[in-house]
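Enquirer: Here you go, one structure.
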Amino acid sequence: MSTPEIPDAVPGADTSAPVADLVPPAPEAPAAAPTVLPPAFTGSSLPPAWEPATAASDPPEAAASVVLSRPRVRWAGIVWGLVLAAIAAGAVWFLTDPARQAALASWLVSLSPATAIAVAVLVLGVFALITGVVGIARRAQRGIEQRRTAASAAGLL
């Protein structure tokens with residue numbers, strides 16, 4: 001079997017070279033970049049999780065002794081939930097009847113700038129009042145809890 005010859009692409013070129021000599025060399029594999037690994041972690045003084053804990057470890061510190069007779073009531077969530085539910089109920093009430101929608105739209109359009117500012121200040125005042133009521137309820141709850149804790153510590157309960 002003879003080696004195939006390449007047709008004359010360039011006049012005067014040597015066509016007697018075998019095809020294997022004319023194939024470009026394969027690119028060399030790039031050198032592997034050096035990998036930087038962090039050092040192994042060896043600073044733990046705890047035993048591995050699969051080994052039982054030893055009795056020589058320090059006992060956990062006692063938590064602050066607070067006697068709670070029952071969970072606290074989150075008054076802010078209750079009060080604000082009721083307020084937002086009332087606002088939503090009012091919005092649904094206005095939006096379900098086209099006559100009420102028209103009355104509300106005409107009232108809003110007829111507001112003067114001074115009246116609009118007064119209504120905005122009134123709404124902000126109502127929100128401040130609600131925040132104050134929540135603060136009073138929280139303070140009262142803390143006072144009741146402190147009196148209950150003091151009474152239980154004195155042995156009265």
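The values are calculated or read from the model by the stated rules, or taken from the named source; none is laboratory data. Keep in mind that what you see is a predicted model, and the values were worked out from it rather than measured. Glycine also receives a Cβ, built like all others from the backbone with ideal geometry; neighbour counts cover every protein chain displayed. The accessibility values were calculated without ligands, DNA or RNA, using every heavy atom of the protein model including side chains. Shrake-Rupley method; radii C 1.70, N 1.55, O 1.52, S 1.80 Å.
Enquirer: Between Leu124 and Leu82, what FRET efficiency follows from the Cβ-Cβ distance if R0 is 25 Å, with the result rounded to 0.05?
Expert: With R0 = 25 Å, the Cβ-Cβ based efficiency is 0.85.
Enquirer: Now for a different question. Counting only heavy atoms of the protein chains, get the accessible area per residue of region 68-157 (1.4 Å probe) and round it to a whole Å² value.
Expert: I get 77 Å² per residue for region 68-157.
Enquirer: Subtracting the Cα-Cα distance from 0.36 nm times the residue separation, let me have the gained length for Thr35 to Ser106 in nm, one decimal.
Expert: Extra length from Thr35 to Ser106 when fully extended: 18.2 nm.
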